[in-house]
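Novice: Here you go, one structure.
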Amino acid sequence: MKGKFITFEGPDGAGKTTQMKMLGERLEAMGKKVVYSREPGGTRISEEIRKVLLNPSNIEMVDRTEALLYAAARAQHVEELIRPALEDSKFVLCDRFTDSTVAYQGFGRGIDMDLLNKLNSMATAGIVPDLTIILDIDPALGIRRISEKRVTDSGMEKDRIELEHINFHKKVRDGFLHLAVANPGRCKLVDAKQEMEALANEIYLLVKEVLDK
Ligand SMILES: Nc1ncnc2c1ncn2[C@@H]1O[C@H](COP(=O)(O)OP(=O)(O)O)[C@@H](O)[C@H]1O
Ligand SMILES: [Mg+2]
């Protein structure tokens, strides 16, 4: 694959969207072609699935339905957007990917890890990120950042996952920490409490290592 695939992971409010944009701007300034995407989403069908997944009215959704819908959205995203962009030598920056499945549906919901890994394999069909930035933050701080944003972006309501109890979000954070230890080559853990510019510099250095490889 000629392009590079970089994913951003971590709890809500960690700064994934912010950092993705900052990194993308640097890469574009270097003349790279950058594609920005997110999960669940990125294609028309995947965005439709996103609406079902995040709709706060869908309180009766069972854990397996949730896991399968995330995987379904990912399979479409990989084939329609990510793989073609990588074959076209682009940089694909993605807000969440397979590690969120392990952290949220595995550590958070308690679904069997072997099953989730198989589901991820089916959804990705061989596409693995070249680099995964895991933004680590106390979930309470992440939630606080998002609530502040909500005051300025009025009308933005909490989604079904954000409405989960803080204990759920703590398990998810532990999941991300575990993933960083288990995949030291691909996953790089960064302290998301830092101010934006410092964090952007740290992330850029990690990306440069991948570029120089
Ligand atoms: N390093 C940071 N320090 C303080 N606030 C931040 C930082 N990074 C992002 N924010 C703010 O926190 C909120 C959530 O950031 P966002 O990038 O949307 O996080 P995520 O995509 O991980 O949910 C936004 O209002 C953003 O401006
Ligand atoms: Mg985001």
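Novice: For the range 160-185, which residues satisfy the criterion of being touching a residue at least 12 places away in the same chain (Cβ under 8 Å), assigned to a loop (DSSP other than H, G, I, E, B) and closer than 22 Å to Arg50 by Cα? Let's see the steps before the verdict.
Specialist: So in the range 160-185, the residues touching a residue at least 12 places away in the same chain (Cβ under 8 Å) come out as 160-164, 166, 168-180, 183.
Of the ones still in play, those that are also assigned to a loop (DSSP other than H, G, I, E, B) are 160-164, 183.
Hits for the range 160-185 are Arg160, Ile161, Glu162, Leu163, Glu164.
Novice: Using the structure shown, decide if Leu86 is in a helix (DSSP H, G or I), touching a Phe, Trp or Tyr at 6+ places or on another chain (Cβ under 7 Å) and surrounded by 20 or more Cβ atoms within 10 Å (Cβ to Cβ). Steps first, answer last, please.
Specialist: On the way: in a helix (DSSP H, G or I): yes; touching a Phe, Trp or Tyr at 6+ places or on another chain (Cβ under 7 Å): yes; surrounded by 20 or more Cβ atoms within 10 Å (Cβ to Cβ): yes.
Judged against the criteria, Leu86 is a match.
Novice: Among the residues of the range 177-213, which ones are open to solvent by 90 Å² or more (accessible area, probe 1.4 Å), aliphatic (A, V, I, L, M) and out of contact with any Ser or Thr (no Cβ under 9 Å at 6 or more places or on another chain)?
Specialist: Of everything in the range 177-213, those that are open to solvent by 90 Å² or more (accessible area, probe 1.4 Å), aliphatic (A, V, I, L, M) and out of contact with any Ser or Thr (no Cβ under 9 Å at 6 or more places or on another chain) turn out to be Val181, Leu205.
Novice: Take the range 75-120 and flag every residue that is basic (Lys, Arg) and more than 21 Å from Gly10 (Cα to Cα). Don't jump to the end; show me each part of the working.
Specialist: Step one: filter the range 75-120 for residues basic (Lys, Arg), giving 83, 90, 96, 109, 118.
Hits for the range 75-120 are Arg83, Lys90, Lys118.
Novice: Checking the structure you have, find out if any residue of the range 168-176 is open to solvent by 40 Å² or more (accessible area, probe 1.4 Å), under 17 Å from the mean Cα position of the chain (by Cα), within 16 Å of ligand 1 (Cβ to nearest atom) and not β-branched (Val, Ile, Thr).
Specialist: yes
Novice: Quick check on this structure: which one of Lys21, Lys33 is within 26 Å of Asp212 (Cβ to Cβ), open to solvent by 30 Å² or more (accessible area, probe 1.4 Å) and away from ligand 2 (no atom under 16 Å from the Cβ)? Walk me through how you get there before you give the answer.
Specialist: Working: Lys21 fails: away from ligand 2 (no atom under 16 Å from the Cβ).
Lys33 is the lone residue from the list that is within 26 Å of Asp212 (Cβ to Cβ), open to solvent by 30 Å² or more (accessible area, probe 1.4 Å) and away from ligand 2 (no atom under 16 Å from the Cβ).
Novice: Related question: Test Gly106 against the criterion of being open to solvent by less than 10 Å² (accessible area, probe 1.4 Å) and touching a Pro at 6+ places or on another chain (Cβ under 7 Å), and give yes or no.
Specialist: So Gly106 does not fit the description; no.
Novice: Do you know which residues across the range 116-135 are farther than 25 Å from Asn201 by Cα and in contact (Cβ under 8 Å) with a residue 12 or more places away in the chain? Spell out the reasoning first.
Specialist: Taking the range 116-135 first, the residues farther than 25 Å from Asn201 by Cα are 116-127.
Of everything in the range 116-135, those that are farther than 25 Å from Asn201 by Cα and in contact (Cβ under 8 Å) with a residue 12 or more places away in the chain turn out to be Leu116, Asn117, Leu119, Asn120, Met122, Ala123, Thr124, Ala125, Ile127.
Novice: Out of the range 93-105, which residues are closer than 22 Å to Val35 by Cα and within 16 Å of ligand 2 (Cβ to nearest atom)?
Specialist: Residues satisfying the conditions are Leu93, Cys94, Asp95, Arg96, Phe97, Asp99, Ser100.
Novice: Need pairs with beta-carbon distance below 8 Å; first residue of a type in the set (D, E, K, R) and within the range 15-43, second assigned to a helix (DSSP H, G or I) and within 13 Å of ligand 1 (Cβ to nearest atom); sequence gap 6+ or separate chains.
Specialist: Arg26/Ala200; Arg38/Thr17; Glu39/Ser100
Novice: Select from the range 112-159 the residues that are more than 30 Å from Gly185 (Cα to Cα), open to solvent by 60 Å² or more (accessible area, probe 1.4 Å) and not in a helix (DSSP H, G or I) and list them in ascending order.
Specialist: Asp153, Ser154, Gly155, Met156, Glu157, Lys158
The values are calculated or read from the model by the stated rules, or taken from the named source; none is laboratory data. All values reported here derive from a predicted model rather than from experimental measurement. Virtual Cβ from ideal backbone geometry, glycine too; neighbours counted across all protein chains shown. Ligands, DNA and RNA are stripped out before the accessible areas are found, and what is left, the full protein with its side chains, is counted by its heavy atoms. Shrake-Rupley method; radii C 1.70, N 1.55, O 1.52, S 1.80 Å.
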